[in-house]
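So the structure is just underneath, and the comments pick up after that.
The values are calculated or read from the model by the stated rules, or taken from the named source; none is laboratory data. Computed from a predicted model, the values in this text were never measured in an experiment. Note: ideal-geometry Cβ built from the backbone for every residue, glycine included; neighbour counts use all protein chains shown.
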Amino acid sequence: MTTSDRSDSLDQIDAVETVTDAITGLPRPLLLVFDCDGVLAPLTDHADDSVLNDGVGADLERLSEASDVTVAILSGRSLDGLAQFGFVDSIVVAGSYGGERRGADIEELSPAEQRLLESLDAIAVDAAETAGPGAWVERKPTSVVIHVREADRDLGARAIAEAWTRQSGLDGHECHEGSNVLEFMARPTDKGRGLSALRSEFGPSGTVYVGDDVPDEDAFAVLGPHDISVKVGPGSTIATHRLADAADVAALLTSLARRVDGG
């Protein structure tokens, strides 16, 4: 099945063992990269309530200890937001679409970037007020995010639309729209650039990326024809495979961990 055929199929779900076979058939060394929310942890109304599915942390650790496998998390969350999951040190953790990296200092914003971030923050605050109760603003080192998942649906949609219009009057930033969120980045990056940086650093022969939301399509797009991309959940995608939900991802990790180390 071609990529375009997969995108147009009616959310065809692959069996976990089918995806396991595809991944274990890749040449080593192997780079396994995962989004977090909706992939390793079920989606929740508020990010602070999110937890990894049972067994996920242990299976990721087991995979990361293999000599020819690198395991990485590439999330839109900040590093502070990812800390709650307790990923072990053998796992590479990149937050803010790759703009932050555990164990590395982030470059301070320039005066121009700081002014831009302040302007974007003001738009985000107004959007949260428009959306009303349940909406909130998340602040990261180089970006600001409007969350409306817990707000009234119509008011939330209106708030996002108005914020989108207002940001178009500014220059030098990028926007990422996800499921009931809109992020303004004063220092532009995306998951495609984040994944490319990981691949450049670790030089894998095979790469796997697993994600569930619109920003993950940027990561899928930088993979080669012999890599593996896995979309989690419904929705149009360019990914080569699809799993139903985070529970399927947990099963995939268990299957991979058994195969990789022969357990």
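Numbers at a glance
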item: Conditions (1) outside the structural domain of Asn180 (by TED's automatic domain parsing); (2) more than 25 Å from Asp248 (Cα to Cα); (3) modelled with pLDDT of 95 or more; number of the one not met by Asp121; result: (1)
item: Members of region 86-116 that are out of contact with any strand residue (DSSP E or B) (no Cβ under 7 Å at 6 or more places or on another chain) and hydrophobic (A, V, I, L, M, F, W, C); result: Val88, Ala104, Leu109, Ala112, Leu116
item: Selected residue (only one of Val51, Val39, Val33 is within 18 Å of Val249 (Cα to Cα), touching a Phe, Trp or Tyr at 6+ places or on another chain (Cβ under 7 Å), outside any helix (DSSP H, G or I) and modelled with pLDDT of 95 or more); result: Val33
item: Any hit, region 237-259, residues being closer than 20 Å to Gly95 by Cβ and surrounded by fewer than 24 Cβ atoms within 10 Å (Cβ to Cβ); result: yes
item: Helices (runs of 4 or more DSSP H) completely within region 144-263 that count 3 or more residues being within 30 Å of Glu118 (Cβ to Cβ); result: 153-167, 191-202, 216-222
item: Region 60-85: number of residues that are polar (S, T, N, Q), in contact with a strand residue (DSSP E or B) (Cβ under 8 Å, 6 or more places away or on another chain) and part of a loop (DSSP other than H, G, I, E, B); result: 2
item: Ser50 being in the same structural domain as Val222 (by TED's automatic domain parsing) and in contact with an Asp or Glu (Cβ under 8 Å, 6 or more places away or on another chain); result: yes
item: Breaking point among (1) buried (at least 20 other Cβ atoms within 10 Å of the Cβ); (2) not assigned by TED's automatic domain parsing to the domain that holds Asn180, for Leu116; result: (2)
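Here's the yes/no breakdown for (1) among the β-branched types (Val, Ile, Thr); (2) at pLDDT below 95; (3) assigned to a loop (DSSP other than H, G, I, E, B); (4) in contact with a helix residue (DSSP H, G or I) (Cβ under 6 Å, 6 or more places away or on another chain):
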| residue | (1), (2), (3), (4) |
| --- | --- |
| Ser7 | no, yes, no, no |
| Leu10 | no, yes, yes, no |
| Glu17 | no, no, no, no |
| Asp21 | no, no, no, no |
| Ala58 | no, no, no, no |
